[in-house]
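Okay, structure first, notes after.
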Amino acid sequence: MSRAKTTRRLAVAMAIATGILALETVGGFASHSLALLSDAGHVLTDLLALGMTLFALRLAERPTNSRATFGYHRVGILVALANGISLIVVASLIVHEAYRRFVAPPAVNAVELLVIASVGLAANLAMLALLERGHNEDLNVRSAWLHVVGDSLGSVGVIASAIVLMITGWPYVDPIASVLIAFLILANGWGVVRDAAAILLELPPRTLSVKTIESGILAVEGVQGLHDLHLWAITPELPCLSAHVVVAEQTVSEAGEIVEAVSKKLEQMGIAHTTLQVEFERCDRAKGTCTLETLR
């Protein structure tokens, strides 16, 4: 799917999420259901995630310049970190309110709860259909898609609590459902914070193994050693690597062929942005080859 189509689908999904948020917020207060208000809080996180994804896609199109040589990709990571922290705060507030309702459960209108939650589930399924094609092609879109999946499960939980409430009249089912939704929000929030923090700390991407990469480079014909390897990511889709590659005494053009082979090997592993420095074991200026020993 093209970026333009993905952007349009995200915009439509945001419009749907805004409608769900308004409906569930009003319905939650009208029916006195904390579970529905909790699900509305989850929809708010969906809206933030969709907006962040749309923002990141548009910002990534801006060209690099002398002040931002890697572009503006990291802005999306900062927004993701703020979004993840807000998810954790929302989940904490929901758990606190659920405790109050365990102590003094209010009367909940189960019929209104069931109708509104059903509409919310239908809208969530529509958003999933919109994002289905793009979530396998872009990690940002996949993150937003997973948020909507979580909210769909939350809507299912609210519907189940409404049915149990209609059948049994048990007042504690609503705060129990809200706590389950809160833990779902907390899990999503923690995952976002963890991934954003790992990128800001320039830790190696979880999908890449440093040992596997080292072995792959050393397996390239002509490579005799490797050191000062650094692996990090600008965004989850843009891993970067720098390393010193040791080769035998040879011409610069021959060493360049080895570097090209290493670059292709790394690209096959999913690392397209690489900075490789060649170091020679020995040097003979008469033959036109150089080494660090002579240069020192």
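The long axis of helix 3-31 is offset from the longest Cα principal axis of the chain by roughly 30 degrees.
Ellipticity at 222 nm from helices only: DSSP H runs of n ≥ 4 in the chain, each -39500 (n - 2.57), divided by the residue count, give -23000 deg cm²/dmol.
Treating the angle as unsigned and between 0 and 90°, give the value, to the nearest 10°, between the Cα long axis of helix 252-268 and the longest Cα principal axis of the chain. The helix 252-268 is inclined about 20 degrees to the chain. Our note on the geometry: Cα centres of segment 63-126 and segment 200-219, 33 Å apart.
For the residues Arg67, Arg100, Arg206, a GNM of the chain with alpha-carbon springs under 10 Å puts the largest fluctuation on Arg67.
If you fit an axis through the alpha-carbon atoms of helix 73-103 and take the longest principal axis of the Cα set of the chain, what angle between them do you get, 0 to 90°, nearest 10? Helix 73-103 sits roughly 30 degrees off the main axis of the chain. Rg ratio for segment 1-122: its Cα radius of gyration over 2.2 N^0.38 Å, N being its residue count, equals 1.35.
Over the chain, the ratio between the Cα radius of gyration and 2.2 N^0.38 Å evaluates to 1.37.
Comparing mean-square fluctuations of Asn83, Asn65, Asn109 from a GNM of the chain with C-alpha springs under 10 Å, the top value falls on Asn65.
Laboratory data are not the source of any read-out in this text; all were calculated from the coordinates shown. For clarity, every value in this text was computed on a predicted model and none was experimentally measured.
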